Every structure is written in structure tokens, then in C-alpha cells.
1. Return one number: the angle in degrees, 0 to 90 and rounded to the nearest 10, between the long axis of the Cα atoms of helix 244-254 and the longest principal axis of the Cα atoms of the chain.
2. I want to make sure I understand the PRE zone here: with the label point 7 angstrom from the Cα of Glu64 toward its beta carbon, which residues in region 87-129 have backbone N atoms less than 20 Å away?
3. Run the dipole for region 4-305 about the Cα centre, Lys and Arg Cβ at +1, Asp and Glu Cβ at -1, nothing else charged, and hand back the magnitude in debye, nearest 20.
4. Over region 138-195, how many percent of alpha carbon pairs lie in each 10 Å bin up to the one with the longest distance?
5. Where does region 4-305 land on Rg(C-alpha)/(2.2 N^0.38 Å)?
6. Sort His46, His3 so that the residue with the fewest other Cβ atoms within 10 Å of its own Cβ comes first and the one with the most comes last.
7. Counting pairs on different chains as well as pairs 8 or more places apart, how many Lys pairs in the chain have Cα atoms under 27 Å apart?
8. Going by how many other Cβ atoms sit within 10 Å of their own, how do Ile67, Ile90 line up, fewest first?
Amino acid sequence: MSHLTVAASERAFIELFKALRDNFKFSDADSADFGPFSAGYEVAFHLEGGTIDLRDDNTLQIRELDIKWDKLKVTIGINIPEVCVGGFCIIPIPFDGCLVEAPKICVFSDNPDISITLDLSELVTSEISLTASPVIKYKVDPARTAGMSDLEAKDKNISNKWQIFIDPVTVDIDVFDIADIVGDILEQALDNAIDGLLGPLPGWAKDLIKAILGPIIDLVRDILDLPDDIGEWLSDLLGVSLGLFNTIVNFVADYFASKYPLYELEDPYTILEADLNVPLIPVLIPIRDLDVRVNTDEMILEANVGA
């Protein structure tokens with residue numbers, strides 16, 4: 001039988017989790033080349049909300065943990081085949097070349113030719129759910145030297161600690177709503193970018209380029225392989241092609257499992273602080289064999305006392 005047993009109600013557990021949730025921050029950036037186009041992202045988010053259920057199988061379930069995007073920018077670069085027009089003779093000199101020649105104009109020579117950035121931070125709704133088990137880990141403070149006593153470590157605030165983490169068994173991310181307006185924003189951004197490229201050209205050059213390529217916006221849609229549902233396309237681009245969702249899932253799992261404890265307990269534990277008015281040192285008791293479990297009502301800690 002354990003020497004010590006302490007229980008925290010589900011309500012107390014939820015309050016502990018709120019601190020864990022509110023400390024969470026994620027940011028990342030990445031890009032990839034997909035041949036005719038490239039894409040990249042810059043993201044940052046924090047977590048809000050969430051409901052917690054403690055369960056009798058020693059697991060807890062967290063649902064509706066909202067991802068609040070502080071930044072969600074997607075950049076798309078598009079390569080359009082180079083087109084050159086002009087260079088033909090306007091006024092020839094019979095048997096002696098050309099008096100006036102139309103200038104040769106080439107467009108879409110850069111890589112990428114079109115680069116647009118979409119800010120989706122206010123347009124995407126996402127949430128995380130996870131199932132986890134409570135686990136105990138023991139942290140030896142790296143600043144503590146081998147010969148240091150427990151009292152010295154306490155005085156320097158570098159005591160060893162028992163830590164309680166929630167270790168995810170499963171983590172799921174749901175991007176369940178990308179606003180319909182995203183498609184219109186992308187189309188308008190493409191139109192503006194194309195107009196910017198062709199804008200300085202003389203009218204005859206624009207007409208020739210459009211005659212060669214056809215409607216350029218349709219060409220761009222073909223390059224990107226855009227379906228009617230652009231929101232779904234963006235979700236696949238971010239989550240699958242660029243791997244953002246897996247990156248988030250792995251970061252969330254690692255954060256809860258090992259980066260930030262739900263609760264921690266100094267070892268040895270102080271049961272009586274020093275009294276500066278009398279020559280009394282702190283009273284410390286070593287904590288051994290700490291264990292944790294949950295049921296539907298509470299989280300239970302059990303431990304032994306001894307060297």
C-alpha cells in the first residue's frame with residue numbers, strides 16, 4: 001500500500017490543462033517545388049477552448065480544441081511557358097532588309113512568373129482532438145552537480161522534479177471549413193498578377209500573347225490543376241502535398257508528451273519551510289515510486305516516502 005494518496009477532481013484537472021493549453025505556441029514555414037508551380041506556407045497558431053472527459057480506462061479525451069491561426073499565409077509561384085512576339089518587319093526595304101521592325105517582346109521569362117500570397121488566417125476553421133494517458137517522468141535538473149545536497153539544490157531552485165505529462169495515443173486535426181470566398185480571392189489575385197505582367201506591354205503585343213496562349217487564367221488553372229472546389233484543393237495542398245498537418249500533429253503530440261508538464265512536484269518535497277526567525281532548516285521528504293491514473297471522476301497520485 002502506498003504511503004501517500006492524493007486526488008484531483010475533474011474540475012481541478014481541467015484548470016491544470018488550461019495552463020498547459022495556454023502555454024502552447026506553434027510556428028513553422030516550408031515550401032516545395034511541384035514542377036510547373038511551387039508552393040509554401042508561413043503559419044503560427046495558439047490553442048483555445050476544448051472539452052475534457054476523464055475515462056475509466058486510464059485515458060482522457062480532449063475534443064474541440066480550437067486552432068486559432070495567428071498567421072496562415074500560402075504563397076503560390078507559377079511558371080508559364082515563355083512567349084515571344086514581335087521581331088517581324090513592318091516596313092521592308094525591297095531586296096535590302098527591313099527599314100522598320102517591330103520590337104521583339106518576351107514575357108513569362110522569370111521563375112516563377114507569377115507569385116501570389118494569400119492570407120487565410122481569418123478564413124480557415126480548424127480544431128484538434130486527442131486521446132491521451134497520464135504518465136510520470138522524472139527530471140534531473142542539469143544544473144545540479146553530483147555532490148550537491150538536496151538543501152543546496154532547493155536553495156538554488158534546481159531541485160529534481162517528478163512531472164506528470166499527458167501522453168497522446170491519437171491526435172487528429174480537422175480542417176472542417178475553408179470559407180467559400182477563398183476561391184474568389186485566389187482567382188482575383190491571379191487576375192491581378194497577370195494584369196501586372198501584361199500591363200506595360202503595347203496593345204498589339206497583348207493581343208498576340210492572348211491569341212497564342214488563349215485565356216491565361218484558364219492556362220494557370222490547368223497548371224495548378226484547380227478543381228471547382230478551391231478550398232478543398234488548398235486543404236490538400238497544405239495538409240498532404242506540403243505535409244503541414246502531419247507537422248502539426250507531431251508537434252502537438254511531442255508538446256503534450258514531453259515538453260510541458262501538466263503538473264510537477266519537487267523531489268524531495270518540502271513539508272515545512274525554513275523559518276528565518278529561528279534556526280530551522282526546511283523539512284524535506286523524498287518521494288519515491290510516484291504513480292498516476294485517472295478515472296471518470298478524478299486524477300489520483302500515489303507515492304511512497306523514503307530514501
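1. With rounding to tens, the tilt is 10 degrees.
2. Under cut-off, by backbone N: 124-129.
3. Details: 22 positive and 54 negative charges, 189 e Å.
That gives region 4-305 a dipole magnitude of about 900 debye.
4. 16, 20, 12, 12, 12, 17, 10, 1
5. Details: Rg = 31.0 Å, N = 302, 2.2 N^0.38 = 19.3 Å.
In units of the 2.2 N^0.38 Å rule of thumb, it is 1.61.
6. If I rank by nearby Cβ atoms, fewest first, I get His3, His46.
7. Lysine pairs meeting the criterion: 29.
8. On the way: Ile67 23, Ile90 10.
In increasing order of surrounding Cβ atoms, one gets Ile90, Ile67.
Values in this text are rule-based calculations from the coordinates and carry no lab data. Treat the numbers as computed from the prediction; the structure is a model and nothing was measured. Cβ sites come from the backbone with ideal geometry, for glycine too, and all protein chains shown count toward neighbours.
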